[in-house]
1. Please indicate, with yes or no, whether at least one residue in region 237-250 is out of contact with any Leu (no Cβ under 9 Å at 6 or more places or on another chain) and of a type outside the set (Lys, Arg).
2. Can you tell me which residue within region 160-173, out of those that are part of a helix (DSSP H, G or I) and farther than 20 Å from residue 111 by Cβ, is modelled with the lowest pLDDT?
3. Among the residues of region 248-264, is there at least one that is surrounded by 13 or more Cβ atoms within 10 Å (Cβ to Cβ), basic (Lys, Arg) and over 30 Å from residue 30 (Cα atoms)?
4. Is at least one residue of region 128-139 among the acidic types (Asp, Glu), touching a residue at least 60 places away in the same chain (Cβ under 8 Å) and closer than 21 Å to residue 112 by Cα?
Amino acid sequence: MDEESFLASRFEASRPHLQRVAYRMLGSRAEADDAVQEAWLKLSRTGADGIDNLGGWLTTVVARVSLDMLRSRKSRREDPFEPDAAEPMVEGGGPEQDLLLGDAVGVALLVVLQMLDPAERVAFVLHDMFDLPFDEIAPIVGRSSAAARQLASRARRRVQGPPRLDVDLASQRRVVDAYLAASRSGDVQALLAVLDPDVVLHADAASTGGQPLQVRGAQVVSQRALAGARGQVAQLVLINGTIGIVAAPLGRPTVLVFRIEGGRVAEIEVIADAERLAGLDLVVLD
């Protein structure tokens with residue numbers, strides 16, 4: 001085997017790991033593939049001479065490329081990011097790897113990570129998901145080891161959320177959980193039971209793909225809820241201190257904010273506009 005083929009085989013052995021790193025930072029399969037390809041191009045140009053730990057070197061390169069992509073994405077406010085959480089992330093990786101990635105990276109987590117500062121996101125992913133020490137993360141994010149630790153700590157508080165819910169939030173959660181379960185299962189009667197008869201649904205233009213929408217009444221709202229739930233991955237989150245839902249239809253992050261009255265859903269606001277999403281305080285619930 002010649003040197004180039006040997007180098008390529010070592011890179012291919014690292015590819016699944018590199019794609020996991022890139023995807024958890026970027027939330028986009030296409031961008032993750034681009035970051036991994038950039039790492040291969042750099043390796044093929046420089047060779048492996050002098051690299052003691054090739055896997056660590058490649059992880060660092062992918063992390064730096066991903067950080068640059070995140071910063072570039074943040075500066076292009078007209079080009080909102082849409083995580084493709086439902087897609088398998090490792091091409092040719094097989095169902096075991098797809099399952100591993102799907103379990104590890106839920107849609108709510110991707111949306112929460114999206115709202116972090118790029119350096120916070122990179123520090124959190126590398127340390128909390130891949131056990132990279134802070135003295136190795138520090139040069140990637142251009143901070144000291146202590147500052148990198150603080151970045152990850154701030155991100156962790158957003159991702160982990162509150163340790164427990166108070167009584168009011170717990171009751172909200174039971175209602176929203178029932179709404180989500182009924183929507184997923186297609187149980188019309190269960191859904192009607194959790195909706196106030198005069199429930200109002202507001203949807204912004206980004207969520208409808210056209211004009212803003214408002215509908216009223218449990219029958220109409222339940223029909224839209226059942227239609228919208230088909231084939232969607234959705235999770236409970238805390239949104240600005242109240243229980244809500246995050247989903248990603250066609251890769252577009254969408255948030256459902258609920259107003260609960262008398263143990264029923266009285267109002268639902270559907271938000272998919274990128275700027276509005278960026279202003280929300282989201283944390284993932286277990």
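1. For region 237-250, residues out of contact with any Leu (no Cβ under 9 Å at 6 or more places or on another chain) and of a type outside the set (Lys, Arg): present.
2. In the first step, residues of region 160-173 are kept if they are part of a helix (DSSP H, G or I); the result is 160, 167-173.
This time we only want the ones that are farther than 20 Å from residue 111 by Cβ, so: 167-168, 170-171.
On the way: 167: 58, 168: 81, 170: 86, 171: 89.
In this case the residue turns out to be 167.
3. The answer is yes; a qualifying residue exists.
4. As a first pass, look at region 128-139 and keep what is among the acidic types (Asp, Glu): 128, 131, 135-136.
Okay, now just the ones that are also touching a residue at least 60 places away in the same chain (Cβ under 8 Å), so 136.
Those left that are additionally closer than 21 Å to residue 112 by Cα: none.
Looking through region 128-139, none of the residues is among the acidic types (Asp, Glu), touching a residue at least 60 places away in the same chain (Cβ under 8 Å) and closer than 21 Å to residue 112 by Cα.
The values are calculated or read from the model by the stated rules, or taken from the named source; none is laboratory data. Since this is a predicted model, take the numbers as computed values, not measurements. Ideal geometry is used to build each Cβ from the backbone, glycine not excepted, and the neighbour counts take in all protein chains shown.
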